[in-house]
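*Asks:* Before we start, here is the structure in question, set down as structure tokens.
No value in this document is a laboratory result; all are computed from the given coordinates. Keep in mind that this is a model prediction, so the values were computed, not measured. Don't worry about glycine lacking a Cβ; one is built from the backbone with ideal geometry, like all the others, and counts go over all protein chains shown.
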Amino acid sequence: MSLDVQPAVSLKPFNSFGVDVQARLFAQAHDDDEVRQALACARELQVPLLVIGGGSNLLLTADVQALVVRMASRGVRILSDEPQRVVVEAEAGEPWHPFVQTCLQMGLAGLENLSLIPGTVGAAPMQNIGAYGVELKDVFHSLVALERETGELHEFSLEQCRFGYRDSVFKQQAGRWIILRVRFILSRQAHLHLEYGPVRQRLVEQGIEQPTPLDVSRAICAIRSEKLPDPAVLGNAGSFFKNPLVPVAQAEALKARYPQLVAYPQGDEQVKLAAGWLIEQAGWKGFRDGDAGVHRLQALVLVNHGQASGLQLLSLAQRIQADVIERFGVSLEMEPNLY
Ligand code: FAD
Ligand code: NAP
């Protein structure tokens with residue numbers, strides 16, 4: 001198929017903040033060949049190339065003077081099947097949550113804690129998506145990425161991806177790689193992770209004592225739906241800041257001043273602080289300036305009440321950062337990718 005490149009396309013439907021900016025050029029790539037065509041097109045027209053998935057981790061601050069390529073490749077296949085180890089491969093453009101559901105329907109456990117995360121399979125390794133005590137790296141097998149500069153395909157093992165907390169080699173080397181497909185190690189024998197947050201409690205409330213992976217997925221979907229805004233209703237990009245890691249001494253000093261501080265020791269002389277708690281304590285929860293705001297139920301989530309621009313959202317984020325550093329001496333790093 002030949003790549004359909006369109007000029008001056010609004011990106012409002014393609015970013016979960018619902019920010020209304022234009023792409024100079026826009027195309028959807030349905031397979032590897034169309035990805036290569038996009039690269040050739042950008043080179044010929046001498047414009048940058050920006051690859052996006054579901055647009056759920058983006059903050060677009062101006063019209064994008066690039067060829068924006070949305071990954072739209074589809075396909076899920078089982079590569080090998082043993083009871084404890086089923087290797088599944090999915091194309092980058094597969095929407096994440098439906099992919100999780102497909103695996104669960106096939107009787108494959110491992111992804112249940114990552115239910116209801118928006119976005120695509122191909123973007124998931126970018127920040128090593130994580131939720132409720134599980135990260136992508138815990139179920140990762142390998143991936144195939146195309147190096148833009150050379151056009152060569154590379155296979156990445158777990159070690160080569162250099163996954164960290166909301167981090168990977170692909171994030172560190174932004175713009176170098178296009179992830180084409182990802183492989184996961186799942187299992188027909190579930191090893192459930194129920195210790196995190198309110199997951200087990202929710203299952204107990206429902207009278208479920210021996211949960212299946214599907215039960216866990218449903219419980220997590222319910223918890224998330226109660227707390228997090230649906231981007232289709234209220235624009236947002238999930239957590240706007242990463243949870244900061246601080247040295248133990250700093251966490252102890254803060255705890256002495258703020259006994260309610262929400263902090264999780266990481267076992268490596270660092271403590272993870274709940275950024276949402278810091279922002280809430282600073283009084284930002286539910287704050288609104290024009291259409292840029294802070295969610296009323298989760299202070300970590302910035303929201304677009306309608307017509308906020310990317311710059312207005314960025315300005316609000318910077319005010320929060322400045323306030324949190326002044327009050328707590330803790331610096332908050334933004335999580336979404338800024339363009
Ligand atoms: P995009 O936003 O489209 O892109 C993100 C970045 O990846 C961009 O830099 C883009 O250039 C790059 N990129 C995208 N696809 C590719 C590719 N194929 N190859 C190379 N680069 C690529 N995140 C979590 O970790 N845990 C959560 O629990 C979570 N919950 C969320 C809840 C809500 C309501 C929302 C709105 C967001 C949440 N997120 C969460 C953030 C986001 O959903 C994830 O980071 C998701 O993986 C982003 O996928 P995407 O396809 O939308 O990526
Ligand atoms: P929450 O349960 O209210 O918890 C607040 C914070 O405390 C979370 O950010 C979480 O850190 C941390 N935490 C909670 N229990 C923990 C434990 N037992 N051990 C270590 N850390 C713990 O958070 P929430 O906002 O409702 O989100 C629930 C989960 O979904 C979290 O894992 C969160 O990361 C994920 N989520 C992510 C995004 C995103 O855009 N990145 C958006 C929504 C939800 P961690 O974030 O490190 O897990």
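*Asks:* Do you know the relative contact order of the stretch 271-315, to the nearest whole percent, from alpha carbon pairs under 8 angstrom that are 6+ apart?
*Replies:* So the answer I get is 28 percent.
*Asks:* May I have the convex hull volume per residue, in Å³, for the Cα set of the stretch 165-288?
*Replies:* 203
*Asks:* Within the chain, count lysine pairs with alpha carbon atoms under 19 angstrom apart where the residues are 8 or more positions apart or belong to different chains.
*Replies:* Close lysine pairs found across the chain: 9.
*Asks:* Same structure, new question: Rounded to the nearest 5, what is the percent of antiparallel bridges among the DSSP beta bridges in the chain?
*Replies:* On the way: 48 of 60 bridges.
Within the chain, antiparallel bridges account for around 80 percent of the total.
*Asks:* Averaging over every viewing direction, what projected area does the convex hull of the Cα atoms of the stretch 107-184 cover, in nm²?
*Replies:* 5.1
*Asks:* Taking Cα atoms of the stretch 1-60, Rg/Rh with Kirkwood Rh, to two decimals?
*Replies:* Radius of gyration over Kirkwood radius for the stretch 1-60 works out to 0.97.
*Asks:* Here is a further query. Given Q201, V248, G235, which one lies farthest toward the positive end of the charge dipole of the stretch 180-268, if we put +1 on the Cβ of every Lys and Arg and -1 on the Cβ of every Asp and Glu?
*Replies:* Sorting the options by dipole projection puts first G235.
*Asks:* Now a separate question. For a footprinting-style exposure proxy, rank S217, S2 by other Cβ within 10 Å, fewest first.
*Replies:* In order of increasing Cβ crowding within 10 Å: S2, S217.
*Asks:* Per residue, how big is the convex hull of the stretch 184-257 when only Cα atoms are used? Give it in Å³.
*Replies:* 199
*Asks:* Same structure again: How big is the stretch 103-144 by the Kirkwood estimate over distinct Cα pairs, in Å?
*Replies:* Result for the stretch 103-144, one decimal place: 10.9 Å.
*Asks:* Given the DSSP H assignment, sum -39500 (n - 2.57) over each helix run of at least 4 residues in the chain and divide by its residue total; what's the result at 222 nm in deg cm²/dmol, nearest 500?
*Replies:* -8000 deg cm²/dmol
*Asks:* What number do you get for the stretch 152-230 when its Cα radius of gyration is normalised by 2.2 N^0.38 Å, N = residues? Mind showing how you got there, number by number?
*Replies:* Working: Rg = 17.4 Å, N = 79, 2.2 N^0.38 = 11.6 Å.
Dividing the Cα radius of gyration by 2.2 N^0.38 Å gives 1.51.
*Asks:* Rank the residues V216, V87 as a footprinting-exposure proxy: fewest other Cβ atoms within 10 Å of their Cβ go first.
*Replies:* Taking fewest neighbouring Cβ atoms as first place, the list is V87, V216.
*Asks:* Work out from phi, with θ = phi - 60° and the Karplus expression 6.51 cos²θ - 1.76 cosθ + 1.60, the ³J(HN,Hα) of each residue of the stretch 291-304, listed in order in whole Hz, and give x for Gly and Pro.
*Replies:* Running phi through 6.51 cos²θ - 1.76 cosθ + 1.60 with θ = phi - 60° gives 9, 8, x, 10, 4, 6, 10, 9, 5, 7, 9, 8, 10, 10 Hz.
*Asks:* Pop out the Kirkwood hydrodynamic radius of the stretch 1-128 from its pairwise C-alpha distances, inverse of mean 1/r, in Å to one decimal.
*Replies:* That comes to 15.8 Å for the stretch 1-128.
*Asks:* Taking every pair of Cα atoms in the stretch 252-310, average 1/r, invert it to obtain the Kirkwood radius, and report Rg/Rh to two decimals. Kindly include the intermediate steps, with their values, before the conclusion.
*Replies:* Working: Rg = 14.5 Å, Rh = 12.9 Å.
Radius of gyration over Kirkwood radius for the stretch 252-310 works out to 1.12.
*Asks:* Take the alpha-carbon positions of the chain, form their convex hull, and give its projected area averaged over all directions (one quarter of the hull surface) in nm².
*Replies:* Reported value for the Cα convex hull: 17.8 nm².
*Asks:* For the chain, what does the relative contact order come out to in percent, with C-alpha contacts under 8 Å and a separation of six or more?
*Replies:* 16
*Asks:* Treat the count of other C-beta atoms within 10 Å as a stand-in for reagent exposure and order M71, M106 from fewest to most.
*Replies:* Taking fewest neighbouring Cβ atoms as first place, the list is M106, M71.
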